[in-house]
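Q: Pasting a structure below so you can have a look.
Quick note: the coordinates plus some simple rules give every number you see, no bench work behind them. Because the structure is predicted, anything quoted here is derived from the model rather than measured. Every residue, glycine as well, gets a Cβ built from its backbone with ideal geometry; the counts of neighbours run over all protein chains shown.
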């Protein structure tokens with residue numbers, strides 16, 4: 001089976017090239033045109049990405065992440081959410097790579113089979129990098145008004161935080 005999966009991507013690329021040749025498409029010119037469009041899109045969303053990366057760095061280095069974790073700990077305790085996963089929950093909507101570092105630290109400290117590790121694992125898989133996604137997709141399409149996107153996305157992230165602790169407790173046992 002491993003040999004088969006090694007060939008999936010090359011087979012898809014070869015299939016696309018073959019399809020283009022059969023249809024009489026100038027593949028090289030199409031590739032160049034697509035690359036130009038891709039670079040234009042990347043250039044248009046670059047300011048939003050730089051802003052997000054800067055905000056995440058300032059958020060972590062300033063100690064604000066620790067302050068928010070401390071402030072939200074009582075509410076998290078009432079909801080059955082371990083305090084140790086709050087930094088992950090706060091960082092995940094903003095930065096995928098930053099949340100992955102926090103996630104790795106949680107697993108290294110508490111283990112993947114602990115209640116905290118399991119809640120962090122479910123949370124990592126159940127949430128999205130909301131602000132990054134909004135910045136990239138809305139920036140690429142030129143949408144200026146996000147309307148209810150942010151509120152509904154953040155509500156879903158909050159629900160995922162609470163449900164991850166509940167699901168781990170019910171399905172896998174814990175505290």
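Q: Under the Kirkwood approximation applied to all pairs of distinct alpha-carbon atoms, what is the hydrodynamic radius of the chain in Å?
A: Final number for the Kirkwood radius of the chain is 19.1 Å.
Q: Let me check against my output: what whole-number percent is the relative contact order of the chain, with C-alpha pairs under 8 Å and at least 6 apart?
A: Computed value for the chain: 22 percent relative contact order.
Q: Computed FRET efficiency, Cβ-Cβ of residue 147 and residue 113, R0 41 Å: what is it to the nearest 0.05?
A: Efficiency at R0 = 41 Å is approximately 0.50.
Q: In nm, what is the difference between 0.36 nm times the number of residues separating residue 159 and residue 21 and their Cα-Cα distance? Display every interim value, and only then the final one.
A: On the way: separation 138, 0.36 × 138 = 49.68 nm, distance 4.87 nm.
Full-extension gain reported as 44.8 nm.
Q: Next up: Among 61-70, 142-151, 159-168, 117-126, how do they line up from the highest to the lowest mean number of other beta-carbon atoms within 10 Å?
A: Averaged packing, sorted descending, gives the order 117-126, 159-168, 61-70, 142-151.
Q: Give the angle, between 0 and 90 degrees and rounded to the nearest 10, that separates the Cα long axis of helix 115-126 from the longest principal axis of the Cα atoms of the chain.
A: 30
Q: Continuing with this model, one more query. Pulled fully out, how much extra length does the chain show between residue 46 and residue 138, if you take 0.36 nm times their separation in residues and subtract their Cα-Cα distance?
A: The span from residue 46 to residue 138 would gain 31.9 nm if fully extended.
Q: Taking 0.36 nm per intervening residue step and subtracting the Cα-Cα distance, what contour gain separates residue 31 from residue 4 on full extension?
A: Length difference between fully extended and current span is 7.0 nm.
Q: Compute the long axis of helix 130-141 from its Cα atoms, compare it with the longest principal axis of the Cα atoms of the chain, and write down the angle in degrees, 0 to 90, nearest 10.
A: Once rounded, the angle reads 20 degrees.
Q: Any idea what angle helix 27-61 forms with the longest principal axis of the chain, computed on alpha-carbon atoms, 0 to 90 degrees, nearest 10?
A: 20
Q: Roughly how many whole Å is it from the C-alpha centroid of the stretch 38-92 to that of the stretch 143-175?
A: 15
Q: If packing is taken as the average number of other Cβ atoms within 10 Å across a peptide's residues, how do 18-28, 44-54, 83-93 rank, most packed first?
A: In decreasing order of mean packing, 18-28, 44-54, 83-93 become 83-93, 44-54, 18-28.
Q: By its C-alpha gyration tensor, with a ≥ b ≥ c as the square roots of the eigenvalues, how is the stretch 33-79 shaped: rounded for a/c under 1.5, else prolate for a/b larger than b/c, else oblate?
A: Judged from the Cα gyration tensor, the stretch 33-79 comes out prolate (a/c at least 1.5, a/b above b/c).
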